[in-house]
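The values are calculated or read from the model by the stated rules, or taken from the named source; none is laboratory data. Bear in mind the structure is a predicted one, so any value in this text is a computation, not a measurement. For neighbour counting, all protein chains shown are included, and Cβ atoms are generated from backbone atoms with ideal geometry for every residue, glycine included.
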Amino acid sequence: MITRRQFLKATPLLLSALTAPGATLLAGSKPDLVPPEIGRSKRTAAAGTAVATLDLGGAAGLRLLQFTDNHFFGRVKEGLTRTEADQATEREWRDYVRIFRPDAVITTGDLWHDNPGGRGAATQAHALKQLEGLEVPWAFCWGNHDQLDDYDAGHAALEAARGSLYRGGASHGDYRIDVRRGGDRNVAARLWVLNSNRYGLGEWQLDWLRASREALADAKSPTVPALAFFHIPLLEQKTLHRAGTTPGVCFEAVCHEKETGRAAPVLAKDERLRACFCGHDHVNDYAVKTGHLDLVYGRATGHSGYGGDKVRKGAKLIELDLITGDYQQTTVFADGSRWRPA
């Protein structure tokens, strides 16, 4: 089995971390006191204005597919050679959409793999072309490997791509998606998409979330069922897991980076927020509960990432009832099969 450590040693992550834009600014600073390094933007916008709309027509339920840790070109040291692993990922993306017919796809980080030789923009462009080809709306959140020389150009590409729900260009990658039914002006559900940067959710992202919620309250917007998406897991996904008791699979230590438990209480302030979905740890797929809030690992999707010899690559099907607010999450595979821990 290839471990996370071996995976990182075999890739240019460490070099790119030293040369990435903003690395000098962050040196000697606490990462939660400055905008995120990954996805840092030069544009600004008022809290609550980074919003996309997903209209479901008359549907009473929302169906999402979560793809995570795709790592396009992660096994290529130079150039942009499409490996068999990347081709398998692309093929299975299409199969997932054809079989499970989602209303939208959400990619929760590490869509492409680092920025060796400045190729990040080209690998991003390739990944966006694959997303456009799915012919369904899609959203993106930043992962620690989604590295670029020019993040503003990256934001622009994400926002301009066909089918994109991405609205993080003026907010360092944090935004929300309002789900509506049949053109109804009333929102039926909210999806929060947050940039967990290299370190996990920090004060910058949490302050943005607080301010956005305050803007909604000031506008007397109704409280509705909500889900949240980000890349790096929370500390509670480590501390609440019980080996031999928690259903699911846990084959590596929870890599919550520098997230220290500050995020979960802030997220849980919204009593209608049902669950948070993350990625990052390729061979973990389980859920824990803190209060009313479920913390759920997505299933690693991309064949260029590590872990496929231990845990089968898949995706997460998320179904939210817009009337009751109940939701279900199921791990699914490209052949149409499903898995839920006993």
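Sort through Arg185, Arg181 and tell me the only one that's under 26 Å from Thr324 (Cβ atoms), at pLDDT below 95 and in contact with a Leu (Cβ under 7 Å, 6 or more places away or on another chain).
Numbers: Arg185 fails: in contact with a Leu (Cβ under 7 Å, 6 or more places away or on another chain).
Only one candidate passes the filter, namely Arg181.
Could you tell me whether the range 228-239 includes any residue that is part of a helix (DSSP H, G or I) and surrounded by 19 or more Cβ atoms within 10 Å (Cβ to Cβ)?
Just the residues of the range 228-239 that are part of a helix (DSSP H, G or I), to begin with: 236-239.
Filter once more, so that each one left must be surrounded by 19 or more Cβ atoms within 10 Å (Cβ to Cβ): 236-237.
Yes, some residue in the range 228-239 is part of a helix (DSSP H, G or I) and surrounded by 19 or more Cβ atoms within 10 Å (Cβ to Cβ).
Could you check Tyr306 against (1) surrounded by 15 or more Cβ atoms within 10 Å (Cβ to Cβ); (2) in contact with a strand residue (DSSP E or B) (Cβ under 8 Å, 6 or more places away or on another chain); (3) part of a loop (DSSP other than H, G, I, E, B) and say which number it fails?
The number of the failed condition is (2).
If you go through the range 126-141, how many residues are part of a helix (DSSP H, G or I) and either of a type in the set (Phe, Trp, Tyr) or surrounded by fewer than 16 Cβ atoms within 10 Å (Cβ to Cβ) (or both)?
Residues of the range 126-141 that are part of a helix (DSSP H, G or I), as a first pass: 126-132.
Add one more test, that the residue is either of a type in the set (Phe, Trp, Tyr) or surrounded by fewer than 16 Cβ atoms within 10 Å (Cβ to Cβ) (or both), and what stays is 129, 132.
Selection size over the range 126-141: 2.
Does the range 156-199 hold any residues that are in a loop (DSSP other than H, G, I, E, B), in contact with a strand residue (DSSP E or B) (Cβ under 9 Å, 6 or more places away or on another chain) and among the aliphatic types (A, V, I, L, M), and which are they?
Step one: filter the range 156-199 for residues in a loop (DSSP other than H, G, I, E, B), giving 161-163, 165-174, 181-186, 194-199.
Still in the list and also in contact with a strand residue (DSSP E or B) (Cβ under 9 Å, 6 or more places away or on another chain): 161, 163, 165-169, 173-174, 181-184, 186, 194-196.
Passing the criteria: Ala161, Leu165, Leu194.
Determine, yes or no, whether Gly244 is in contact (Cβ under 8 Å) with a residue 60 or more places away in the chain, in a loop (DSSP other than H, G, I, E, B) and either more than 20 Å from the chain's Cα centre (by Cα) or within 22 Å of Thr331 (Cα to Cα) (or both). It would help to see each step written out before you state the result.
Details: in contact (Cβ under 8 Å) with a residue 60 or more places away in the chain: no; in a loop (DSSP other than H, G, I, E, B): yes; either more than 20 Å from the chain's Cα centre (by Cα) or within 22 Å of Thr331 (Cα to Cα) (or both): yes.
For Gly244, the condition - in contact (Cβ under 8 Å) with a residue 60 or more places away in the chain, in a loop (DSSP other than H, G, I, E, B) and either more than 20 Å from the chain's Cα centre (by Cα) or within 22 Å of Thr331 (Cα to Cα) (or both) - is not met.
Quick check, is Gly173 at positive phi, under 13 Å from the mean Cα position of the chain (by Cα) and buried (at least 18 other Cβ atoms within 10 Å of the Cβ)? Spell out the reasoning first.
Values: at positive phi: yes; under 13 Å from the mean Cα position of the chain (by Cα): yes; buried (at least 18 other Cβ atoms within 10 Å of the Cβ): yes.
It is true that Gly173 is at positive phi, under 13 Å from the mean Cα position of the chain (by Cα) and buried (at least 18 other Cβ atoms within 10 Å of the Cβ).
Check off (1) outside any loop (DSSP other than H, G, I, E, B); (2) at pLDDT below 95 for Ile318 and give me the number that stays unchecked.
Among (1) outside any loop (DSSP other than H, G, I, E, B); (2) at pLDDT below 95, the lone unmet condition for Ile318 is (2).
For the range 284-296, check the following and say yes or no: at least one residue is modelled with pLDDT under 95 and either surrounded by fewer than 17 Cβ atoms within 10 Å (Cβ to Cβ) or closer than 23 Å to Trp112 by Cα (or both).
First pass over the range 284-296, keeping only residues modelled with pLDDT under 95: none.
Checking the range 284-296: not a single residue is modelled with pLDDT under 95 and either surrounded by fewer than 17 Cβ atoms within 10 Å (Cβ to Cβ) or closer than 23 Å to Trp112 by Cα (or both).
Looking only at the range 200-219, count every residue that is buried (at least 22 other Cβ atoms within 10 Å of the Cβ) and in a loop (DSSP other than H, G, I, E, B) and tell me the total.
Number satisfying all stated conditions: 3.
Considering every residue within the range 268-279, establish whether at least one is within 26 Å of Arg40 (Cβ to Cβ) and free of Cβ contacts under 8 Å to residues at least 12 places away in the same chain.
Within the range 268-279 (the criterion being within 26 Å of Arg40 (Cβ to Cβ) and free of Cβ contacts under 8 Å to residues at least 12 places away in the same chain), the answer is no, since none of the residues qualifies.
Please go through the range 182-213 and pick out each residue that is without any contact (Cβ under 8 Å) to a residue 24 or more places away in the chain and closer than 17 Å to Pro225 by Cβ. Steps first, answer last, please.
Filtering the range 182-213 down to residues without any contact (Cβ under 8 Å) to a residue 24 or more places away in the chain leaves 184-185, 207.
Within the range 182-213, Asp184 is the sole residue that qualifies.
For the range 319-338, state whether one or more residues are of a type in the set (Val, Ile, Thr), farther than 28 Å from Ala59 by Cα and surrounded by fewer than 23 Cβ atoms within 10 Å (Cβ to Cβ). Write out each step before concluding.
Going residue by residue through the range 319-338, those that are of a type in the set (Val, Ile, Thr) are 323-324, 330-332.
Cutting the leftovers down to farther than 28 Å from Ala59 by Cα gives us none.
No, because not a single residue in the range 319-338 is of a type in the set (Val, Ile, Thr), farther than 28 Å from Ala59 by Cα and surrounded by fewer than 23 Cβ atoms within 10 Å (Cβ to Cβ).
Quick check: anything in the range 67-84 under 20 Å from the mean Cα position of the chain (by Cα) and more than 18 Å from Gly109 (Cα to Cα)?
Filtering the range 67-84 for residues under 20 Å from the mean Cα position of the chain (by Cα) gives 67-74.
With more than 18 Å from Gly109 (Cα to Cα) added as a condition, the list becomes none.
The answer is no; no qualifying residue exists.
For the range 81-104, does any single residue satisfy the condition of being of a type in the set (D, E, K, R), crowded, with 20+ Cβ neighbours inside 10 Å and part of a loop (DSSP other than H, G, I, E, B)?
Scanning the range 81-104 turns up no residue that is of a type in the set (D, E, K, R), crowded, with 20+ Cβ neighbours inside 10 Å and part of a loop (DSSP other than H, G, I, E, B).
Quick check: is even one residue across the range 142-152 in a helix (DSSP H, G or I) and in contact (Cβ under 8 Å) with a residue 12 or more places away in the chain?
Start the filter on the range 142-152 by keeping residues that are in a helix (DSSP H, G or I), which leaves 151-152.
Still in the list and also in contact (Cβ under 8 Å) with a residue 12 or more places away in the chain: 151-152.
Within the range 142-152, one or more residues are in a helix (DSSP H, G or I) and in contact (Cβ under 8 Å) with a residue 12 or more places away in the chain.
Whether any residue in the range 195-205 is of a type in the set (A, V, I, L, M), closer than 24 Å to Ala127 by Cα and within 20 Å of the chain's Cα centre (by Cα) is what I want to check. Steps first, answer last, please.
Filtering the range 195-205 down to residues of a type in the set (A, V, I, L, M) leaves 201.
From the residues that got through so far, the ones that are closer than 24 Å to Ala127 by Cα too are none.
Taking every residue of the range 195-205 in turn, none turns out to be of a type in the set (A, V, I, L, M), closer than 24 Å to Ala127 by Cα and within 20 Å of the chain's Cα centre (by Cα).
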